[in-house]
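Some notes on the structure that comes next.
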Ligand code: IPE
Ligand code: MG
């Protein structure tokens, strides 16, 4: 969700105005997903690198985050959204930590959609954390070196219980992943737009969906194999 600062700058307003407008774009995106049966949405709200921004901006973002949690969770719960957070929680204040835990607990059994907020998240940190978890098991004697493979690591990265993401969207004109879900995005379709995040709406999201639907996902196989597999599954 990139481009909040530039959106504000274009209007000669403080960066926080852009972040606030960005929060409204988040609500629009959640609405779109619920209306269109999209069962998983992961938002990169704050990266592990974003802590390095000026203190005033970090503080204001935390306040915005806290306010949004207070304001939105009731409604999300009512609409059947399961809320969860990924990332390093050790750096957040008590108020945010409590609200994060409470909203996860409260919405645990909801099934309409899983909304994951990546906050203080970094893809490399995620993989390092998974490697460490495996190493701990080896030290404890519950895992052998031979058992360390792709599947074992995959079980320990964030979102391990969800299907891998189908579509990645980055707004704001830059064409990079910037340490988002590095492991999980291996076969995800990437989609980039110059639209700044506060301007993101159903029209842009629909465009991303339409592009996605036109792509052929081969997962390393040939086009003929994919077509044959699709025909097979289509036969009743
Ligand atoms: C993304 O917008 C929001 C966060 C990282 C919290 P930016 O703040 O990165 O906006 P630009 O890139 O300065 O326009
Ligand atoms: Mg940016």
Suppose we keep only residues that are in contact with a helix residue (DSSP H, G or I) (Cβ under 7 Å, 6 or more places away or on another chain) and either part of a strand (DSSP E or B) or more than 12 Å from ligand 1 (Cβ to nearest atom) (or both) within the range 180-194. Which one would you say is nearest to residue 86 (Cα to Cα)? 181
Any residue at all in the range 192-209 that is under 30 Å from residue 9 (Cβ atoms) and in contact with a strand residue (DSSP E or B) (Cβ under 6 Å, 6 or more places away or on another chain)? yes
On the given criteria, is residue 41 over 17 Å from residue 173 (Cβ atoms), within 14 Å of ligand 2 (Cβ to nearest atom) and touching a helix residue (DSSP H, G or I) at 6+ places or on another chain (Cβ under 9 Å)? no
Sole miss for residue 184 among (1) crowded, with 17+ Cβ neighbours inside 10 Å; (2) within 18 Å of residue 39 (Cα to Cα); (3) in contact with a strand residue (DSSP E or B) (Cβ under 8 Å, 6 or more places away or on another chain) is condition (3)
For the range 18-38, check the following and say yes or no: at least one residue is over 15 Å from the mean Cα position of the chain (by Cα), within 16 Å of ligand 2 (Cβ to nearest atom) and on the phi > 0 side of the Ramachandran plot. no
Here the residues within the range 69-119 that are on the phi > 0 side of the Ramachandran plot and either outside the structural domain of residue 28 (by TED's automatic domain parsing) or out of contact with any strand residue (DSSP E or B) (no Cβ under 6 Å at 6 or more places or on another chain) (or both) are 80
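The values are calculated or read from the model by the stated rules, or taken from the named source; none is laboratory data. The shown structure was predicted, so the numbers you read here are calculated from the model rather than taken from an experiment. When we count neighbours, we look across all protein chains shown, and the Cβ atoms used for this are built from the backbone with ideal geometry, even at glycine.
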